[in-house]
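A quick write-up on the structure given underneath.
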Amino acid sequence: MINDILIIARKDLKEVISSRGSYRSGLMYLLIVIGVMGIMMPLSSGRIWLTEPLIPLVWAWFPILLVINVVTDSFAGERERNTLETLLASRLSDRSILFGKITASVIYGWGLGMISNLIAVITVNVADPGPKFQFYDPLVYLALVIFPLLACLLMSSVGVLVSLNAPTARAAYQKLSLVMLAVIIIPTLIGNFAGEKIAQQLTLIFKGVNFIQLGIGVALVILVVDGFLIWLAMQRFKRARLILE
Amino acid sequence: MDYAIQTKKISKSFGQIKAVDQVSFEVQPGTIFGFLGPNGSGKTTTIRLLLGLLEPTEGSSNVMGFDPLSEGQKVRENCGALLEHTGLYERLTALENLDFYGRVWHLSSEERKNRIKELLEKVDLYNRRDEIVKGWSRGMKQKLAVSRVMLHRPKVIFLDEPTAGLDPVASSAFRDDLLNLVQHSGVTVFLTTHNLTEAEKLCQQVGVIKNGKLIMVGSPDELKLLKRSAVTEIVGSGFTDGLITSINQLRGIESVVLQDHHLRITFTEGADSSFLVPFLVQQGVLIEEVRKGKASLEDVFLTMMEEEND
Ligand SMILES: Nc1ncnc2c1ncn2[C@@H]1O[C@H](COP(=O)(O)OP(=O)(O)OP(=O)(O)O)[C@@H](O)[C@H]1O
Ligand SMILES: [Mg+2]
């Protein structure tokens with residue numbers, strides 16, 4: 001099964017990279033992304049990039065965007081280009097197809113993020129040579145690995161759910177944008193209506209906590225949500241319902 | 001397992017539309033079964049049901065001993081399918097397309113290499129294997145898709161209008177290959193087509209479907225016998241009015257028409273016509289030529305469609 005997942009992921013990644021017309025232009029695009037995230041951004045922030053987790057984490061939104069691009073294309077794109085039915089008629093199991101699609105998008109977004117992070121280390125050290133080569137603070141690096149991974153997984157599972165029954169990749173993208181909008185707007189609205197008092201209380205609570213505990217807590221919450229969404233996608237993945245007219 | 005494919009009163013409705021309506025048939029292993037029918041008659045839907053890509057509303061089916069509904073994966077493991085669309089990844093090259101499906105079917109890298117070469121050489125596409133499929137013609141894509149179906153040597157092959165978009169030479173080559181394959185490897189083929197000549201050449205059994213209902217199953221010859229009265233045309237001399245009257249009184253004769261030296265005799269369905277020539281000779285007719293008009297499957301098909309409309 002893992003083998004099958006990787007076979008699909010490999011094919012999907014090839015398709016993503018060649019979607020810009022040729023492998024060469026696809027790879028150019030990847031180089032530009034890595035250049036921005038691995039060279040430009042760390043150059044502008046300097047050594048603090050390696051010690052302050054918030055700075056690289058803020059840039060983690062970009063890999064997440066890449067995930068969205070790939071994942072909305074997964075089922076909806078194959079449907080749009082009339083390749084889905086042939087794939088479904090093969091020996092592949094439901095799960096390997098589903099996880100193959102999720103894996104492809106996560107590898108793409110998170111993988112690019114990870115490569116950029118490593119290049120950023122070199123960038124910082126070369127631009128501002130210190131007494132010795134400096135790597136991320138271990139905790140910072142852990143956060144840099146885990147949070148983007150969980151976030152990419154989150155985006156990917158929401159994306160697969162949306163893509164599963166969308167007629168075209170574009171429709172899936174639009175649907176996902178609406179979901180994202182809701183995710184951003186609802187907490188903002190609640191924040192506005194909740195008023196000053198609750199905001200103050202929240203600030204108090206946050207002041208008291210230790211960032212490591214908070215990080216673990218947040219990670220666990222995302223993990224649970226990820227698990228739930230993937231479970232939901234597995235339930236909704238019914239071969240017989242994937243052929244729409 | 002007596003049959004490679006069997007359906008029992010299988011039905012599929014989409015809302016009000018009965019796409020497939022109580023269809024029952026059997027396909028013997030190692031044969032080619034042709035599914036004929038006009039547009040929208042339920043051919044593609046039947047294939048989807050047999051591959052477990054749609055759930056039947058009623059009835060059941062069996063492919064290589066497995067139920068597509070509950071054992072879909074087992075069914076698909078034994079099958080290869082060329083569906084309505086070629087299903088090719090147009091952004092990838094021909095080689096990448098086949099390589100992907102070769103991996104999907106767990107062929108070793110050695111096997112993939114050899115098999116891809118063998119199949120693509122057969123359809124003259126091996127030299128173009130590194131081209132992106134997108135720019136290819138419909139026929140080239142179809143050939144590539146057919147190669148993909150054969151790649152893993154499936155036991156049952158489903159082909160939804162396989163020669164659509166192929167030129168006459170390519171269609172004919174495809175038919176030869178298919179016949180060859182069936183003879184040598186014993187695969188079972190279920191194909192849909194609008195091309196009746198093709199069905200006649202390829203299929204041991206033909207099913208005719210219309211508005212979701214299977215209106216007839218049999219060998220192409222049986223169908224032709226069943227549905228169209230045979231015509232015999234006699235060229236010669238010595239036809240008299242009296243003779244025509246007496247022919248008309250014979251059993252199994254539907255009509256007799258004389259035009260110049262041509263006598264055109266239509267028999268009723270299934271009638272025996274072997275007595276005709278001896279009878280004419282006995283009556284002193286000088287016969288130059290006897291032409292037996294054989295209804296083509298196409299004639300039969302068109303007649304059937306008309307009859308059903310009445
Ligand atoms: N997924 C679907 N949803 C709704 N209706 C459908 C669906 N699939 C097929 N139909 C309907 O079922 C009927 C049979 O369609 P089907 O595609 O099986 O015909 P067909 O014999 O393959 O036709 P063609 O020769 O044009 O390929 C049609 O009326 C079609 O509109
Ligand atoms: Mg069809």
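The values are calculated or read from the model by the stated rules, or taken from the named source; none is laboratory data. Because the structure is a prediction, the values reported are computed rather than measured. Positions of Cβ are generated from backbone atoms using ideal geometry, with glycine treated the same way; all protein chains shown enter the neighbour counts. Just so you know, the surface numbers come from the protein's heavy atoms only, side chains and all, with ligands and any DNA or RNA stripped out. Shrake-Rupley method; radii C 1.70, N 1.55, O 1.52, S 1.80 Å.
Observations on the model:
- Residue-by-residue Karplus 3J(HN,Hα) for the range B:114-130, coefficients 6.51, -1.76, 1.60, Hz, glycine and proline x: 5, 5, 4, 4, 4, 5, 5, 5, 4, 9, 6, 10, 5, 5, 10, 4, 8
- Relative contact order of chain B: 20 percent, from C-alpha pairs under 8 Å at least 6 residues apart in sequence.
- Cα shape, the range A:2-244, gyration tensor, a/c 1.5 rule: oblate
- Among the protein heavy atoms of the protein assembly as shown, carbon and sulfur supply 59% of the accessible surface, probe 1.4 Å, non-protein parts ignored.
- With Cα atoms defining each centre, the range B:167-182 and the range A:134-186 are spaced 49 Å apart in the structure.
- With helices as the sole contributors, chain B gives -11000 deg cm²/dmol at 222 nm; each DSSP H run of n ≥ 4 counts as -39500 (n - 2.57), and the sum is divided by every residue.
- When you count the other C-beta atoms within 10 angstrom of each residue and take the mean per peptide, A:4-13, A:127-136 line up highest first as A:4-13, A:127-136.
- Anisotropy class of the range B:1-72 from Cα gyration tensor, a/c 1.5 cut: oblate
- Chain A, accessible area per residue, ligands and nucleic acids excluded (1.4 Å, Å²): 52
- Averaged over B:81-87, number of beta-carbon atoms from partner chains that fall within 10 Å: 5
- Accessible surface calculations at 1.4 Å, restricted to protein heavy atoms, place chain B at 48 Å² per residue.
- Residues losing 50 Å² or more accessible surface upon assembly, the range A:1-36, compared with the chain by itself, 1.4 Å: A:I7, A:R10, A:K11, A:E15
- Shielded by partner chains, the range A:84-123 residues - at least 40 Å² of accessible area, 1.4 Å probe, vs chain alone: A:E85, A:T86, A:A89, A:S90, A:R91
- Angle between chain A longest axis and helix A:23-35 axis [Cα atoms, degrees, rounded to 10]: 20
- Number of partner chain Cβ atoms within 10 Å, mean per residue of B:90-97: 4
- With contacts taken as Cα pairs under 8 Å and at least 6 residues apart, the range B:136-209 reaches a relative contact order of 35 percent.
- Set B:K122/B:K155; A:K101/A:K175; B:K43/B:K134 screened for pairs whose C-alpha atoms are more than 23 Å apart: B:K43/B:K134
- Heavy-atom accessible surface that A and B bury in contact, both chains counted, 1.4 Å, Å² to 100: 2800
- Computed from backbone phi with θ = phi - 60° and the Karplus coefficients 6.51, -1.76 and 1.60, the 3J(HN,Hα) list for the range B:193-207 is 7, 9, 8, 6, 4, 4, 4, 5, 6, 9, 9, 6, 10, 10, x Hz; x is used for glycine and proline.
- The phi-based Karplus calculation (6.51 cos²θ - 1.76 cosθ + 1.60; θ = phi - 60°) puts the 3J(HN,Hα) values of the range A:234-239 at 5, 5, 7, 6, 10, 3 Hz, whole numbers, x for Gly and Pro.
- Counting only other chain Cβ atoms within 10 Å of each residue's Cβ, the peptide B:68-76 averages 3.
- Ranking by accessible area, most exposed first, for B:K155, B:K292 with a 1.4 Å probe: B:K292, B:K155
- Difference of contour (0.36 nm per residue) and Cα-Cα distance, A:F211 to A:S177: 9.2 nm
- Chain B: most fluctuating residue of B:G270, B:G42, B:G30 per GNM, C-alpha cutoff 10 Å: B:G270
- Chain A: calculated mean residue ellipticity at 222 nm from DSSP helix runs of at least 4, using -39500 (n - 2.57): -27500 deg cm²/dmol
- The heavy atoms of A:W59 offer some 80 square angstrom of accessible surface to a 1.4 angstrom probe.
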